[in-house]
Amino acid sequence: MNRLFNRNRMLIILFGIIILIILIGFSISDRSSTTKAEQFTADAAAGSQMIIDAPLNFAGSIFTSIRQSFNAVEENERLKAQLEMLPQMQADLERLETENEELREALEVSSKQSYESINARVISRSPDQWLDNFTIDKGEADGINEGMAVMTTEGLIGTVARANGGSSYVEMLTTSVSQNNLSVEIMHEGNPIYGNIREYDTERNLLVIENIKNRSGLARGDEVLTSGLVGDYPEGLLIGTVVEVQNDEYGLSQNAYVQMKGNVDDVDVVFVIERNPESMEE
């Protein structure tokens, strides 16, 4: 019985192998069409592949979207940071342009001066003494001494009150200390008329020059310069222009009100004027 069963099983296996060989041979032969079995097998395989690929593609698209979202967030943060920096970058650019313009003007003025000067920059200015003094970044080591005149590109602005090793303390013409004994000459029709600075009128923002002789003929627009007669100031440093002339309270002399050329509210680059011994002996 067992032998019969084994022989039948062997025959079935052989028959199956023969059928399989026939089918393989038939499938690889040159044909213009496929059999129903092949179509069913191919369709089943394609359908299975689509079923398997669908969740994988869906999961991949989710991960791709998440990654793109993170990249978009990072790029957005970077762009926002750059956008927030734009006002500061614009301010820095404007500041540098202003500084370059000031330095170009300073170089041009320095090249035209007939006296030696030391370029310096303001490094400190107290808000509560804005019209009184400031500190510059040059001192005795750079050849600066007490009493030297300090100018901007527009005109005289103050005096070196104290010189340290690497910095100096400058008192402005708007303070009473710098005004003492500052002799000036007012050029009227080519002739100098002398006087001295008395005070700075804070209400009108004008220098007051006194001891001007009567009938001087001074007029609005006459230039006011240093006379070179007192202190370490050389002659001819521009201070400002006359805007008004009045008789003093006794009628014995005149007072001139002068608009300073130098902008006392905006002082950055300055020149410290060196007066050489030859000019002091004149």
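Side notes on the structure shown:
- A 1.4 Å probe, protein heavy atoms only, puts the accessible area of Leu218 near 20 Å².
- Paramagnetic label zone (point 7 Å from Cα along Cα-to-C-beta, Glu140; backbone N under 20 Å) in the stretch 147-167: 147-150, 159-167
- Estimated FRET transfer efficiency when R0 is 45 angstrom, pair Asn211-Lys80 (beta carbons, to 0.05): 0.10
- Residue-normalised accessible area of the stretch 183-260, expressed per residue, 1.4 Å probe, Å²: 51
- Three-way shape label, the stretch 183-260, alpha-carbon gyration tensor, a/c 1.5: rounded
- Annotation for the stretch 166-251: chymotrypsin sites (Phe, Trp or Tyr not before Pro) lying in DSSP loop with at most 15 further Cβ atoms inside 10 Å of their Cβ are Tyr250.
- Heavy-atom accessible surface of Leu238, to the nearest 10 Å², is about 40 Å², with a 1.4 Å probe and all protein chains retained.
- Working from label points 7 Å from Cα in the Cα-to-Cβ sense, the Ser253 to Ala72 distance is 8.2 nm.
- If a spin label sat at a point 7 angstrom from the Cα of Asp266 along the line to its beta carbon, the backbone N atoms of the stretch 138-174 nearer than 15 Å would be those of 152-155.
- Interchain or long-range residues, amide H under 5 Å from Ile157's placed H: Val150, Met151, Thr152
The values are calculated or read from the model by the stated rules, or taken from the named source; none is laboratory data. As the structure is a computational prediction, the values presented were derived from the model and not from experiment. Cβ atoms come from the backbone with ideal geometry, glycine included; neighbour counts cover every protein chain shown. Calculation scope for accessible area: heavy atoms of the full protein, side chains included, ligands and nucleic acids excluded. Shrake-Rupley method; radii C 1.70, N 1.55, O 1.52, S 1.80 Å.
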